[in-house]
1. Checking A:Pro180 against (1) surrounded by fewer than 22 Cβ atoms within 10 Å (Cβ to Cβ); (2) in contact with a helix residue (DSSP H, G or I) (Cβ under 6 Å, 6 or more places away or on another chain); (3) modelled with pLDDT under 85; (4) farther than 26 Å from A:Phe59 by Cα, only one condition comes out false. Which one?
2. For the condition buried (at least 24 other Cβ atoms within 10 Å of the Cβ) and either free of Cβ contacts under 8 Å to residues at least 24 places away in the same chain or in contact with a Gly (Cβ under 8 Å, 6 or more places away or on another chain) (or both), what is the one hit in A:Ala17, A:Ala58, A:Ala53, A:Ala10?
3. Which of the residues spanning the range B:37-50 are within 7 Å of another protein chain (Cβ to nearest Cβ) and surrounded by 16 or more Cβ atoms within 10 Å (Cβ to Cβ)?
4. If A:Phe107 meets every condition in (1) in a helix (DSSP H, G or I); (2) loosely packed, with under 14 Cβ neighbours inside 10 Å apart from one, which number is that one?
5. Filter the range B:8-50 for residues that are in contact with a helix residue (DSSP H, G or I) (Cβ under 9 Å, 6 or more places away or on another chain) and more than 16 Å from A:Phe82 (Cα to Cα) and give the result.
6. Taking the residues in the range A:225-234 that are small (Gly, Ala, Ser) and within 9 Å of chain B (Cβ to nearest Cβ) as candidates, determine which candidate is nearest to the chain's Cα centre (by Cα).
7. Are any of the residues in the range A:215-224 modelled with pLDDT of 90 or more and at the interface with chain B (Cβ under 7 Å from one of its Cβ atoms)?
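The values are calculated or read from the model by the stated rules, or taken from the named source; none is laboratory data. The structure presented is a predicted model; accordingly, all values stated were derived computationally and were not measured. Cβ atoms come from the backbone with ideal geometry, glycine included; neighbour counts cover every protein chain shown.
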Amino acid sequence: MLSLAHAGTAIASAFVASLVEAVEALTIVLAVGTVRGWRPALAGTVAGLAFLALLVLAFGPLLARMPIEYLQLAVGVLLLLFGMRWLRKAILRAAGVIALHDEALAFADGCAALRAAHPRRGWDAIAVITAFKAVVLEGLEVVFIVLAVGAVGGLLVPASLGALAACALVAIAGCAVHRPLARIPENTLKFAVGVLLSAFGAFWVGEGLGLHWPGDDLAILGIAALFLAAAAAAAPLARGESAG
Amino acid sequence: MKWLAAAAREIAGLFVEDVGFTLCILAWVALAALALRELPVGEPWRAAIFLAGCLALLVENVLRAARKRAG
């Protein structure tokens, strides 16, 4: 029986990760729509979303058939690698060691590249493919998170709904402002997702190895708190190191 | 075939950014699988040691990356 701590953190991870990736995909789709027209931008977006949905529908039930101990260990290791990669990058960005992702700059670069591309004739394949690629590439991370937290915890549908809700929120905001969502605190969100996914990864690897976590499912919250504390302490230390 | 290689690179990129960091995490998980059960400590301590190792790897790698950028 899954606890609220387990289900809540799984759905929150899918929602926040999806929010971050949808903001990045929206920037490219907006660039395509602004420079090459909205019809190919929407066609590419819908095709990309359909492809991502197919991945979830194909791999979700497949993963659910695996024995739980192997699934916990395999997905736990992948989540640990994925979550700690996100967290490492977010800490380095927070410390000023690497540059923050700039949506306004990404939008300007995208527009310039699309203007320089071949002029459109009939069906604008370049525009459709650019929007499709943006949605698929950004969405792959969300699909992994939905599959990972969904398949192991039996939360495929709630995690998918969390991800879809975030996409809908970003789409509505994008339609309303018609500009990249540059004010979203992307790195803070990535920091949060990195903490949650690293916590899930460590928890499931531990479960897969037969380790006993005090408090069972509630341990996820404690593990997340420790990852957060370590990451928050590492950011100023890294800033000091990079300053010399 | 080019798109297949690009897709494989993209999927690998989800998990690997700093190869050394990835290898350290995998090595720690392997070591935990082999050695933690043998440690003469109570059950919750094994989980705590595993978690402490993950946190140490993260902090060490972040500081090393920061030093590398500075130097």
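1. For A:Pro180, the exception is condition (1).
2. Numbers: A:Ala17 fails: either free of Cβ contacts under 8 Å to residues at least 24 places away in the same chain or in contact with a Gly (Cβ under 8 Å, 6 or more places away or on another chain) (or both); A:Ala58 fails: buried (at least 24 other Cβ atoms within 10 Å of the Cβ); A:Ala53 fails: buried (at least 24 other Cβ atoms within 10 Å of the Cβ).
Of the residues listed, the single one that is buried (at least 24 other Cβ atoms within 10 Å of the Cβ) and either free of Cβ contacts under 8 Å to residues at least 24 places away in the same chain or in contact with a Gly (Cβ under 8 Å, 6 or more places away or on another chain) (or both) is A:Ala10.
3. So the first thing to find is which residues in the range B:37-50 are within 7 Å of another protein chain (Cβ to nearest Cβ), and the list is B:43-44, B:46-47, B:50.
B:Arg46, B:Ala47, B:Phe50 - these are the residues of the range B:37-50 that are within 7 Å of another protein chain (Cβ to nearest Cβ) and surrounded by 16 or more Cβ atoms within 10 Å (Cβ to Cβ).
4. Among (1) in a helix (DSSP H, G or I); (2) loosely packed, with under 14 Cβ neighbours inside 10 Å, the lone unmet condition for A:Phe107 is (2).
5. Of everything in the range B:8-50, those that are in contact with a helix residue (DSSP H, G or I) (Cβ under 9 Å, 6 or more places away or on another chain) and more than 16 Å from A:Phe82 (Cα to Cα) turn out to be B:Leu31, B:Ala32, B:Ala33, B:Leu36, B:Arg37, B:Leu39, B:Val41, B:Arg46, B:Ala47, B:Ile49, B:Phe50.
6. Quick first cut of the range A:225-234, residues small (Gly, Ala, Ser) only: A:225, A:229-234.
Cutting the leftovers down to within 9 Å of chain B (Cβ to nearest Cβ) gives us A:229-231, A:233-234.
Details: A:Ala229: 22, A:Ala230: 22, A:Ala231: 19, A:Ala233: 24, A:Ala234: 22 Å.
By that ranking, first place goes to A:Ala231.
7. From the range A:215-224, those modelled with pLDDT of 90 or more are A:219-224; that's our starting set.
Pick out the ones that are also at the interface with chain B (Cβ under 7 Å from one of its Cβ atoms) and you get A:223.
There is at least one residue in the range A:215-224 that is modelled with pLDDT of 90 or more and at the interface with chain B (Cβ under 7 Å from one of its Cβ atoms).
Matching residues to (1) more than 23 Å from A:Ala232 (Cα to Cα); (2) at pLDDT below 95; (3) touching an Asp or Glu at 6+ places or on another chain (Cβ under 6 Å):
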| residue | (1), (2), (3) |
| --- | --- |
| B:Phe21 | no, no, no |
| B:Trp28 | no, no, no |
| B:Pro44 | yes, yes, no |
| B:Arg69 | no, yes, no |
